[in-house]
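To keep things clear, I will list the structure first and then write my remarks on it.
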Amino acid sequence: AQSVSQHNHHVILSEAASLELGCNYSYGGTVNLFWYVQYPGQHLQLLLKYFSGDPLVKGIKGFEAEFIKSKFSFNLRKPSVQWSDTAEYFCAVNPSRRSGAGSYQLTFGKGTKLSVIP
Amino acid sequence: DAGVIQSPRHEVTEMGQEVTLRCKPISGHDYLFWYRQTMMRGLELLIYFNNNVPIDDSGMPEDRFSAKMPNASFSTLKIQPSEPRDSAVYFCASSTKRITVNTQYFGPGTRLTVL
């Protein structure tokens with residue numbers, strides 16, 4: 001079974017600082033990768049996703065993530081954070097249907113809380 | 001589109017009572033997922049349906065939990081009897097393979113407190 005590790009539980013940054021949140025997964029086959037964001041008191045929203053092609057994926061609100069297959073990583077980045085980015089960020093993975101063993105289940109990491117100080 | 005709709009948004013009940021959570025997926029979506037979110041365990045998949053049929057319920061914690069999907073636009077998650085350790089936020093999500101493989105859209109969640 002696949003698993004997802006998010007190494008940072010809580011990250012505190014000042015506005016305009018750069019952000020990188022780590023995500024590593026364990027699965028031997030082809031995967032689909034996702035980042036979801038949960039603003040305080042709200043539901044999860046899709047930030048960006050990777051299925052195939054260019055490993056550098058751009059999402060909403062200036063976020064991007066890079067899939068590095070050799071490192072089993074899909075780190076989330078943003079060059080300059082804003083107070084409104086304060087939220088919890090979840091990385092998720094599911095085996096790609098293209099691999100023949102795919103499913104529609106997502107496995108989520110434990111999440112990383114981001115607090116941005118004005 | 002209204003998105004995934006869940007009700008109630010908040011539920012407070014006493015131990016031993018029956019609790020029913022409701023979900024309406026996005027119209028046209030043929031996959032429906034139930035998740036539970038707690039501080040200790042994060043976001044866990046409980047069960048998911050495809051075309052109203054339960055596909056994998058291995059995440060359902062025990063027999064006190066049951067889920068149904070009587071039609072394409074409605075699903076319930078029932079806990080009977082409820083216990084304090086069931087306190088959590090329960091999310092419903094839906095998706096369809098016809099548009100984008102497995103991009104799941106989440107509802108606002110039901111915050112359950114069992115006293």
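Quick one: length gained pulling B:THR113 to B:MET40 fully straight, 0.36 nm per residue minus the C-alpha distance?
My answer for the length gained is 24.7 nm.
Excluding ligands, DNA and RNA, what is the accessible area buried between chains A and B, summed over both sides, using a 1.4 Å probe, to the nearest 100 Å²?
Summing both chains' loss of accessible area gives about 1800 Å².
If I ignore ligands, DNA and RNA and count only protein heavy atoms, how much of B:ASP63 is accessible to a 1.4 Å probe, in Å² to the nearest 10?
Its heavy atoms expose roughly 150 Å² to the probe.
Would you work out which of A:GLY29, B:SER82, A:THR107 lies farthest towards the positive end of the dipole of the protein assembly as shown? Charges go on Cβ: Lys and Arg +1, Asp and Glu -1.
In the protein assembly as shown, that residue is A:GLY29.
Could you list the chymotrypsin sites (Phe, Trp or Tyr not before Pro) in the stretch A:21-77 that lie in coil according to DSSP, counting only those with at most 10 other Cβ atoms within 10 Å of their Cβ?
The qualifying sites: there are none.
Per residue, how much accessible area does the stretch B:1-107 have with a 1.4 Å probe, in Å²?
49 Å²
If you rank A:VAL11, A:VAL31, B:VAL53 by how much accessible surface each has, with a 1.4 Å probe, what is the order from largest down?
Result of the area sort, largest leading: B:VAL53, A:VAL11, A:VAL31.
Between B:ASP57 and B:THR76, what length comes free when the chain is fully extended (0.36 nm per residue of separation minus the Cα-Cα distance, one decimal in nm)?
5.5 nm
Using a 10 Å cut-off on Cβ to Cβ distances, tally the other chain neighbours for every residue of B:38-50 and report the average as a whole number.
Mean partner-chain Cβ count within 10 Å for B:38-50: 3.
So, R0 is 25 Å and r is the distance between the beta-carbons of B:GLU18 and B:ASN50; what FRET efficiency does that work out to, to 0.05?
0.40
I'd like the carbon and sulfur percentage of the solvent accessible area for the stretch A:22-82, probe radius 1.4 Å, heavy atoms only, ligands and nucleic acids excluded.
Exposed carbon and sulfur together represent 55 percent of the surface.
Evaluate the distance, in nm, between pseudo-label points positioned 7 Å from the Cα of A:LYS69 and of B:ARG85 along their respective Cα→Cβ axes.
For A:LYS69 paired with B:ARG85, the spin-label model returns 4.3 nm.
For chain B, modelled as a GNM with alpha-carbon contacts under 10 angstrom, which of B:ARG41, B:ARG85, B:ARG64 fluctuates the most?
Sorting by GNM fluctuation, first place goes to B:ARG41.
As an exercise, use a Förster radius of 41 Å and the Cβ-Cβ distance of A:ILE117 and B:SER66 to find the FRET efficiency, rounded to the nearest 0.05.
Calculated transfer efficiency: 0.35.
Pop out the carbon and sulfur fraction of the accessible area of the stretch B:21-115 as a percent, whole number, probe 1.4 Å.
On the stretch B:21-115, the fraction of accessible area on carbon and sulfur atoms equals 52 percent.
Within the set A:LYS71/B:LYS97; A:LYS61/B:LYS24; A:LYS78/A:LYS113; A:LYS49/A:LYS69; B:LYS24/B:LYS68; A:LYS69/B:LYS97, which residue pairs have Cα atoms separated by over 18 Å?
A:LYS71/B:LYS97; A:LYS61/B:LYS24; A:LYS69/B:LYS97
Name the residue from B:THR38, B:VAL19, B:VAL4 whose Cα lies farthest towards the positive end of the charge dipole of the stretch B:1-70, charges +1 on Cβ of Lys and Arg and -1 on Cβ of Asp and Glu.
Checking the options against the dipole of the stretch B:1-70, the answer is B:VAL4.
On average, how much accessible surface per residue is there in chain A, in Å², for a 1.4 Å probe, leaving out ligands, DNA and RNA? Walk me through the numbers on the way to the answer.
Numbers: 5510 Å² over 118 residues.
Per residue, chain A has an accessible area of 47 Å².
The values are calculated or read from the model by the stated rules, or taken from the named source; none is laboratory data. All of these numbers come straight from a predicted model, not from anything done at the bench. Counting neighbours? That spans all protein chains shown, and the Cβs are built from the backbone with ideal geometry, glycine included. Accessible surface areas use protein heavy atoms only, side chains included; no ligands, DNA or RNA. Shrake-Rupley method; radii C 1.70, N 1.55, O 1.52, S 1.80 Å.
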